[in-house]
Amino acid sequence: MFGHVSLLTDDPTRYLMCPGAGKRKDRCRPEDVLELGLDDEFEVGRPLEIYMHAAMHRARPQTRSLVHVHSPNLTALSAMAEPPTELLMVHAAFWPERIPLWDRPELITSHPVADEMVDLMGDSAIALLRWHGAVIVGSTIQEAVFRTVLAEYHAGLLLTSLAHGRPLAPVTVDREALYTAMLPPATHLLNWRFESSFVELDPLDQA
């Protein structure tokens, strides 16, 4: 229900975005998608936090897609004073060695504040929002969604590892090189097709 997904169009001043709160993302259809400009402001019918998407697409046009989620494990990490950064699975090699944390427990509802959040995030694939959730980005919508699914799973592994209290193996690999080797674009597409197979379709869509 909560959160939103955006995708930069071929026109770098325009982006597509799904509806925000109150709309099931798995039932989003072409007629529901919003087309917005980077300087657009909130108005009724648009997600309140359009600003984080516009700021990211303006600052990092190579980052074509942004996903904002309130998933439980990522939200739990966002409540920690210092979120853990251990790498526990090869498929989450995009997890940064120091994860950016937006420490203001508030919605991002203006262009200037969104610019600050994007500056904090830098080149990271993911940032946590204090007591709120996370922002995950990708060069394609498939990559951003795949990272989002894996980030929530990896966050759950981190919470479990903290609970058992046993020492973890040190990470000595180059995370960027590992990500390139383990998660090529073909893998993003594979996951996209797998996740899409669970989407509920209306009878008219199935016909």
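The values are calculated or read from the model by the stated rules, or taken from the named source; none is laboratory data. As the structure is a computational prediction, the values presented were derived from the model and not from experiment. Because the Cβ atoms are built from the backbone with ideal geometry, glycine has one as well, and the counts that use them run over all protein chains shown.
Identify, please: which residue in the range 151-171 is buried (at least 22 other Cβ atoms within 10 Å of the Cβ) and at pLDDT 95 or above and is, among those, nearest to the chain's Cα centre (by Cα)? I'd like the intermediate steps shown before the answer.
Looking only at the range 151-171, we keep the residues that are buried (at least 22 other Cβ atoms within 10 Å of the Cβ), and these are 151, 154-155, 158.
From what's left, at pLDDT 95 or above: 151, 154-155.
Details: Ala151: 8, His154: 13, Ala155: 13 Å.
Among those that are buried (at least 22 other Cβ atoms within 10 Å of the Cβ) and at pLDDT 95 or above, it is Ala151.
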Expected single match for surrounded by fewer than 15 Cβ atoms within 10 Å (Cβ to Cβ) and β-branched (Val, Ile, Thr) among Thr140, Thr148, Thr180 is Thr180
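Scan the range 69-88 and tell me whether some residue there is touching a strand residue (DSSP E or B) at 6+ places or on another chain (Cβ under 8 Å) and more than 27 Å from Pro167 (Cα to Cα).
Quick first cut of the range 69-88, residues touching a strand residue (DSSP E or B) at 6+ places or on another chain (Cβ under 8 Å) only: 69-71, 74-75, 77-78, 83.
Those left that are additionally more than 27 Å from Pro167 (Cα to Cα): 69-70.
Within the range 69-88 (the criterion being touching a strand residue (DSSP E or B) at 6+ places or on another chain (Cβ under 8 Å) and more than 27 Å from Pro167 (Cα to Cα)), the answer is yes, since at least one residue qualifies.
How many of the residues making up the range 46-76 are within 13 Å of the chain's Cα centre (by Cα) and assigned to a loop (DSSP other than H, G, I, E, B)?
Here is the first cut: in the range 46-76, the residues within 13 Å of the chain's Cα centre (by Cα) are 52-53, 56, 63-71, 74-75.
Remaining after also requiring assigned to a loop (DSSP other than H, G, I, E, B): 63-64, 70-71.
Number of matching residues: 4.
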Exactly one condition in (1) among the β-branched types (Val, Ile, Thr); (2) under 25 Å from Leu38 (Cα atoms); (3) in contact with an Asp or Glu (Cβ under 7 Å, 6 or more places away or on another chain) is not met by Val171; state its number.
(2)
Per the filter on the range 68-109, residues of a type in the set (S, T, N, Q) and closer than 15 Å to Thr148 by Cβ are Ser71, Asn73, Thr75, Ser78
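Scan the range 72-108 for residues that are among the polar types (S, T, N, Q) and at pLDDT 95 or above and jot them down. Lay out the reasoning, then the answer.
The first filter runs over the range 72-108 and keeps only residues among the polar types (S, T, N, Q), leaving 73, 75, 78, 85.
Scanning the range 72-108 gives Asn73, Thr75, Ser78.
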Could you grab the pairs with beta carbons closer than 8 Å, sequence gap of 6+ or different chains, first residue in the range 12-23 and in contact (Cβ under 8 Å) with a residue 40 or more places away in the chain and part of a loop (DSSP other than H, G, I, E, B), second one surrounded by fewer than 17 Cβ atoms within 10 Å (Cβ to Cβ) and of a type outside the set (D, E, K, R)?
Pro12/Pro61
Take the range 103-128 and flag every residue that is touching a Pro at 6+ places or on another chain (Cβ under 8 Å) and surrounded by 13 or more Cβ atoms within 10 Å (Cβ to Cβ).
Leu120, Met121, Ser124, Ala125, Ile126, Ala127, Leu128
Matching residues, the range 42-57, being of a type outside the set (Gly, Ala, Ser) and in contact (Cβ under 8 Å) with a residue 24 or more places away in the chain
Phe42, Arg46, Pro47, Leu48, Glu49, Ile50, Tyr51, Met52, His53, Met56, His57
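Here is a check on your reading of the model: is Thr75 in contact with a Gly (Cβ under 9 Å, 6 or more places away or on another chain) and either on the phi > 0 side of the Ramachandran plot or without any contact (Cβ under 8 Å) to a residue 60 or more places away in the chain (or both)? Reasoning before the result, please.
Numbers: in contact with a Gly (Cβ under 9 Å, 6 or more places away or on another chain): yes; either on the phi > 0 side of the Ramachandran plot or without any contact (Cβ under 8 Å) to a residue 60 or more places away in the chain (or both): yes.
Answer is yes for this residue.
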Against the conditions (1) exposed (fewer than 13 other Cβ atoms within 10 Å of the Cβ); (2) assigned to a loop (DSSP other than H, G, I, E, B); (3) charged (D, E, K, R); (4) out of contact with any helix residue (DSSP H, G or I) (no Cβ under 8 Å at 6 or more places or on another chain), where does Glu35 fall short? Just the number, please.
(2)
For the range 78-102, which positions are surrounded by fewer than 18 Cβ atoms within 10 Å (Cβ to Cβ), of a type in the set (Gly, Ala, Ser) and in contact (Cβ under 8 Å) with a residue 24 or more places away in the chain?
Ala79
